[in-house]
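Please read the structure below before turning to the comments.
Read the figures in this text as sums done on the coordinates, not as results from a lab. Treat the numbers as computed from the prediction; the structure is a model and nothing was measured. Cβ atoms come from the backbone with ideal geometry, glycine included; neighbour counts cover every protein chain shown.
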Amino acid sequence: MMIDLEALYKLPYVTGQFPGVGGRLRAMPEHFVVEEVALYLPEDAGKHLYVNLTKVGLTTKEVQRSLERLFRLRTGEVGYAGLKDKHARTTQTFSICVEQFNQEAIERAPDRIAAELPVTVNWARRHTNKLRPGHLLGNRFTVTVTECPYPAAEIAQRAQLVGQALQQAGALNFFGPQRFGIAGANVIRGYELLTGQRRERDKWLRRFLLSSYQSFLCNCYLARRFEMGAFAYLLPGDVAKKTDTGGLFNVVDPIAETERYLRRAISFTAPLFGSKMWAAQDEAGRLEASVLAEAGVALSDFQRVGVEGSRRLGRLLLGDLQTSATADGLCLTFSLPKGAFATTILREFMKVDLAETPDLDGLDGEG
């Protein structure tokens, strides 16, 4: 089996020259607050009722099922933009199909939800379409790192140095360790599915395990790119992404594109390997090919199992990052685009092995 399990968790730090604050995550749900950033606003008309809720101790799926039972809807008639964590204070929007409701039932829906479910209803508005996974810009986080073994003044100083470095250089868009399972079990099973050593009948689990292996390879690519010093600039043949529109293009002349990269108008992307992935060319393409070759797999393996692949933003920009030392420890606020993991940022400040942190599920911005 060609999986370097050490590479799962021993990833480089962009801020490796600065010490961390240590500590632990999520001593209580209020220490990890997540607010969904909407992709669009409701139009106040349509057959779906958007309800914005704040919850603690419930998964997104649990709320979805509870809403469907409350309003006697079929499975899937309640939508959401992304999955949120159970062990945190999270705010997100659900869509409820109210096509068969009369006006009185629609108006009473928010009060029914507040009365029947252990959630806070923030607002409710009509819209034309159902919310679906991915219908969000990202997530805004307020996280308190507790039990830091240093005085408040030193915590503040360490956090300031790390924060300034991240705001200047950006962060590597690693997948978090919660994606990989205990001791990399998800990655191993995904590799076995990809190479035909394992079968899985459950379609959702099969997709998840294959995605876990994709994520592992993406982390390997980002780590290798950083270690070769190519995080701070573009490579010939990179597939770059425009910050404003999200458009992708192959970099022909990296020197000519340097100015746009430095002012954050574009960033490089990392591969989520698959049969239809937009492949890099030239030097960037050779780097991607070396990751596959070392892993002992090929694009034809992904084609055989029906994984199409895509590109992932390689550099996270943190324009709104704020840090402050509090009585509880270190408080951080920042926003991330969808698909990015909060642990990517937290590990830079803490410099501890977050793979050993219990209940990591949901500490991300994937949804």
Cut-off under 5 Å, modelled amide H: who pairs with Gly138 long-range: Val37, Lys338
Neighbour-count order for Leu166, Leu205, fewest beta carbons within 10 angstrom listed first: Leu205, Leu166
Distance (nanometres) between label positions extended 7 Å along Cα→Cβ at Gln322 and Ala183: 4.4
Amide H contacts under 5 Å for Ala81, placed H, 5+ residues apart: Thr93
Charge-dipole axis of the stretch 171-316 as Lys and Arg at +1 and Asp and Glu at -1 on Cβ define it, positive-most pick from Met228, Ala185, Cys218: Ala185
Full-stretch length increase - Ala232, Arg207 - with 0.36 nm per residue and alpha-carbon distance subtracted: 5.7 nm
Summed residue charge, Cβ within 11 Å of Gly76's Cβ, Lys/Arg positive, Asp/Glu negative: +2
Net charge dipole size for the stretch 40-133 [Lys, Arg +1 and Asp, Glu -1 on Cβ; Debye, nearest 20]: 340
Cα-centre dipole for the stretch 171-316 with unit charges at Cβ (Lys and Arg positive, Asp and Glu negative), debye to 20: 620
Relative packing of peptides 82-88, 308-314, 123-129 - highest average C-beta neighbours within 10 Å first: 82-88, 308-314, 123-129
Distance in nm between pseudo-label sites at Arg108 and Glu308 (7 Å out along the Cβ direction from Cα): 4.4
Extreme residue, positive dipole direction of the chain, given options Val239, Thr93, Ala270 (C-beta unit charges): Thr93
Count of lysine pairs in the stretch 1-99 with Cα separation under 18 Å (8 or more residues apart, or interchain): 4
Under the span-like rule (Cα at least 30 Å along the axis, Kyte-Doolittle mean at least 1.6), DSSP H helices of the chain: none
Cα→Cβ-extended label distance, 7 Å offset, between Ala298 and Glu30, nm: 5.8
Karplus (6.51, -1.76, 1.60) ³J(HN,Hα), θ = phi - 60°, over the stretch 29-45, in Hz, Gly and Pro reported as x: x, 5, 7, 9, 10, 10, 10, 5, 9, 5, 7, 8, 9, x, 9, 6, 7
Shape of the stretch 115-255, Cα gyration tensor, a/c cut at 1.5: rounded
Paramagnetic reach from Glu43 (point 7 Å along Cα→Cβ, amide N under 16 Å) across the stretch 69-107: 98-99
